[in-house]
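Student: Sending over a structure as structure tokens; questions will come in a sec.
The values are calculated or read from the model by the stated rules, or taken from the named source; none is laboratory data. Keep in mind that this is a model prediction, so the values were computed, not measured. Cβ placement follows ideal geometry from the backbone for every residue including glycine, while neighbour counts extend to all protein chains displayed.
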Amino acid sequence: MEATVQRQRSTEAEAKHFAERLDGLVSNVETIIKGKTDVVQLALICMLAEGHLLIEDVPGTGKTSLARAMAESVDGTLARIQFTPDLLPTDVTGVQIYNAEKNKFEFHPGAVFANVVLGDEINRASPKTQSALLEVMEEHQVTVDGVPHPVPDPFIVIATQNPVELDGTYNLPEAQLDRFMMRIQIGYPNPLAEMEIIDTLNTRHFRPDVLPMVTPSDFRRMTDISDRVYLAPNIRHYIVNLSRETRNVPQLRLGVSPRGSAALARSARAFAAATGRNFVTPEDIKFLAPYVFLHRMILTPEAELQGISAHSLLERVIREVTVPSSRDAV
């Protein structure tokens, strides 16, 4: 009994340490992204849960700046891929090139061989090039000519896309969307924050530096802490019940996958640690569900014509599924 209590105390102390480090990371990123504390925290939680992040918003709201600031904050290697219609899959993954001097083929790594891969305007690339990310996002490796090449650890893909501009774009396939743990929107800043942005970017080439706050090894320790946050059996049942209920909604041609259930569990652990807790509550699940589930819920054509939104369907699912008792989560 004493050993169990001691382990719990240790986990509580670790969760508080996690929350303090995350607050520092949020403040650091906010030197670039003004007035969006909740958005920055969500993005970093996704990263610390070892998930991939899709930032979807209109131009000029800071999608690329957020991704770059996150990468610089964790002192990891950053690779930026500008997705265009003429981008090739080998530009992303790498290619075997013949070395005449050595009389053999050598692997030349592509842009995904970095801790943080920023895929800017990902929906501008052809489906063939988009598919080049499928293996590496799931298995953290790239296979070229039958040889697997592991990418650095930690590894995360942060992709941006503009949902209002359709010319020259290709919708992300469901298999690609399902590999993103979260989809978030930044939104326009409030007037005070927008004035601060004007003051910050008042010269032609000025861009504030984002100093590294943690090393990749520190980052790994933080992910280990979130992995040890307690997820009670009834909370796991709650996640599964939510996912299964989305698969029974007639207005959806595709509900949440088991990968989506696992993504919600992982992100909830990191979210709980971000508040200094060593256990997940039903409120954590309900708060995170829209960010994790909505891009996985694909409407039928009939539902789209009727103006039904995935958000309203998810709200109905959350209302109808029985919520477990919070005291059983501890």
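Student: Would you mind stating whether Thr300 is surrounded by fewer than 16 Cβ atoms within 10 Å (Cβ to Cβ) and touching a Leu at 6+ places or on another chain (Cβ under 8 Å)? Walk me through it before giving the result.
Tutor: Working: surrounded by fewer than 16 Cβ atoms within 10 Å (Cβ to Cβ): yes; touching a Leu at 6+ places or on another chain (Cβ under 8 Å): yes.
When the stated conditions are applied, Thr300 passes them.
Student: Could you please find all residues in the range 83-98 being surrounded by 14 or more Cβ atoms within 10 Å (Cβ to Cβ) and in a loop (DSSP other than H, G, I, E, B)?
Tutor: Selection gives Phe83, Thr84, Leu87, Leu88.
Student: Looking at this structure, is Arg80 under 19 Å from the mean Cα position of the chain (by Cα), assigned to a strand (DSSP E or B) and of a type in the set (D, E, K, R)? Even if it seems obvious, please write down each step before you answer.
Tutor: On the way: under 19 Å from the mean Cα position of the chain (by Cα): yes; assigned to a strand (DSSP E or B): yes; of a type in the set (D, E, K, R): yes.
Yes.
Student: Another question, then. Given (1) among the charged types (D, E, K, R); (2) surrounded by 14 or more Cβ atoms within 10 Å (Cβ to Cβ); (3) under 30 Å from Gly76 (Cα atoms), identify the lone condition not met by Asp224.
Tutor: (2)
Student: So which residues in the range 86-122 are polar (S, T, N, Q) and modelled with pLDDT of 90 or more?
Tutor: Kept after step one, since they are polar (S, T, N, Q), are these residues of the range 86-122: 90, 93, 96, 99, 103, 115.
Result: Thr90, Thr93.
Student: Moving to a separate point now. Among what's in the range 101-134 and is of a type in the set (D, E, K, R) and in a loop (DSSP other than H, G, I, E, B), pick the residue that is surrounded by the fewest Cβ atoms within 10 Å (Cβ to Cβ).
Tutor: From the range 101-134, those of a type in the set (D, E, K, R) are 101-102, 104, 106, 120-121, 124, 128; that's our starting set.
Applying the additional criterion that residues be in a loop (DSSP other than H, G, I, E, B) yields 101-102, 121.
Working: Glu101: 5, Lys102: 8, Glu121: 20.
Out of the qualifying residues, it is Glu101.
Student: Do you know which of the residues in the range 54-96 that are without any contact (Cβ under 8 Å) to a residue 60 or more places away in the chain and of a type in the set (D, E, K, R) is nearest to Ala159 (Cα to Cα)?
Tutor: The selected residue is Arg80.
Student: Any chance the range 288-296 includes a residue that's charged (D, E, K, R), surrounded by fewer than 15 Cβ atoms within 10 Å (Cβ to Cβ) and within 22 Å of the chain's Cα centre (by Cα)? So that I can check it myself, show each step before the final result.
Tutor: If we filter the range 288-296 for residues that are charged (D, E, K, R), which is where we start, we get 296.
Adding the requirement that they be surrounded by fewer than 15 Cβ atoms within 10 Å (Cβ to Cβ) leaves none.
Taking every residue of the range 288-296 in turn, none turns out to be charged (D, E, K, R), surrounded by fewer than 15 Cβ atoms within 10 Å (Cβ to Cβ) and within 22 Å of the chain's Cα centre (by Cα).
Student: Separate question: So which residues in the range 142-174 are buried (at least 16 other Cβ atoms within 10 Å of the Cβ) and in a strand (DSSP E or B)?
Tutor: Result: Val142, Val144, His149, Ile156, Val157, Ile158, Ala159, Thr160, Gln161.
Student: Any chance you could count how many residues in the range 18-40 are part of a helix (DSSP H, G or I) and either over 16 Å from Ala67 (Cβ atoms) or not β-branched (Val, Ile, Thr) (or both)? Please lay out each step first, then the result.
Tutor: At the first step, the residues of the range 18-40 found to be part of a helix (DSSP H, G or I) are 18-29, 37-40.
Right, trim to either over 16 Å from Ala67 (Cβ atoms) or not β-branched (Val, Ile, Thr) (or both) and you get 18-25, 27-28, 37-38.
Residues in the range 18-40 being part of a helix (DSSP H, G or I) and either over 16 Å from Ala67 (Cβ atoms) or not β-branched (Val, Ile, Thr) (or both): 12 in total.
Student: Could you identify the single residue in Pro324, Pro258 that is of a type outside the set (S, T, N, Q), farther than 27 Å from Glu56 by Cβ and surrounded by fewer than 21 Cβ atoms within 10 Å (Cβ to Cβ)?
Tutor: Pro324
Student: Scan the range 259-295 for residues that are of a type in the set (Val, Ile, Thr) and touching a residue at least 60 places away in the same chain (Cβ under 8 Å) and jot them down. Walk me through how you get there before you give the answer.
Tutor: Narrowing the range 259-295 to residues of a type in the set (Val, Ile, Thr): 275, 280-281, 285, 292.
The answer is Thr275, Val292.
Student: Here is a list: Arg277, Arg259, Arg269. Which entry is among the basic types (Lys, Arg) and either modelled with pLDDT under 95 or more than 20 Å from the chain's Cα centre (by Cα) (or both)? Working first, answer last.
Tutor: Numbers: Arg259 fails: either modelled with pLDDT under 95 or more than 20 Å from the chain's Cα centre (by Cα) (or both); Arg269 fails: either modelled with pLDDT under 95 or more than 20 Å from the chain's Cα centre (by Cα) (or both).
Unique residue meeting the criteria: Arg277.
Student: Right, next: With the checklist (1) small (Gly, Ala, Ser); (2) in contact (Cβ under 8 Å) with a residue 12 or more places away in the chain; (3) under 30 Å from Thr275 (Cβ atoms) in hand, flag the one item Ser27 doesn't pass.
Tutor: (2)
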